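The values are calculated or read from the model by the stated rules, or taken from the named source; none is laboratory data. These figures come from a predicted structure and were not determined experimentally. Here Cβ is always computed from backbone atoms with ideal geometry, including for glycine, and neighbour counts include all displayed protein chains. Side chains are part of the model used for accessible areas, which takes the heavy atoms of the whole protein and leaves out ligands, DNA and RNA. Shrake-Rupley method; radii C 1.70, N 1.55, O 1.52, S 1.80 Å.
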Amino acid sequence: MMQTACNIPYEKAEVWLWSYTEWKAQLEYAQAELAHIPGLTKALHVVAIHGSGSKNEALLRTVIHRLEITEHEIPLLLSRIGLIDFAFSALTPEERKFVHLRYMDKLALSAAMERLGLSRRAFFYHRKRILLKMYGKIRSREALLDYDPFEEN
């Protein structure tokens, strides 16, 4: 079944694209945090040895938090980034440039139109067509992009 333009949540797709660079930065930070787990666990053992057998609660909470990052946050971020990368495969190099300038570089509308050499009407035509192509590629998995693990049930 072909997706029609009226069924495309353009604003939602744009939020995903604007979030892409943030997701990549979060992933990089989370992966950097994991590098400290061995040192933290070693510190826990040292504290337990020199602290009358009780482990430092703050260190323990930090280790647990970082392990939760490994179990939940990193796989979610990898999936989101991978899904957007997969959607990029539906685009031509010119369309990818459009997406990069507008959503990754976060250029203002007027600046993006100028850099791309597009009128306002042509810009919005391209925007709509690009978002349609990308959404069509990932629509069956959009729940992954909308899922908020920190949202209260």
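Do we find that residue 108 is surrounded by fewer than 12 Cβ atoms within 10 Å (Cβ to Cβ), modelled with pLDDT under 85 and among the hydrophobic types (A, V, I, L, M, F, W, C) in this structure?
no
Which members of region 78-98 meet the condition of being open to solvent by less than 40 Å² (accessible area, probe 1.4 Å) and either outside any helix (DSSP H, G or I) or more than 21 Å from residue 11 (Cβ to Cβ) (or both)?
82, 90, 91, listed by residue number.
Got a sec? Which of 131, 101 is in a helix (DSSP H, G or I) and touching a residue at least 60 places away in the same chain (Cβ under 8 Å)?
Answer to the check: 131.
Might you let me know whether region 115-133 holds any residue that is closer than 18 Å to residue 18 by Cβ, open to solvent by 60 Å² or more (accessible area, probe 1.4 Å) and under 21 Å from the mean Cα position of the chain (by Cα)?
yes
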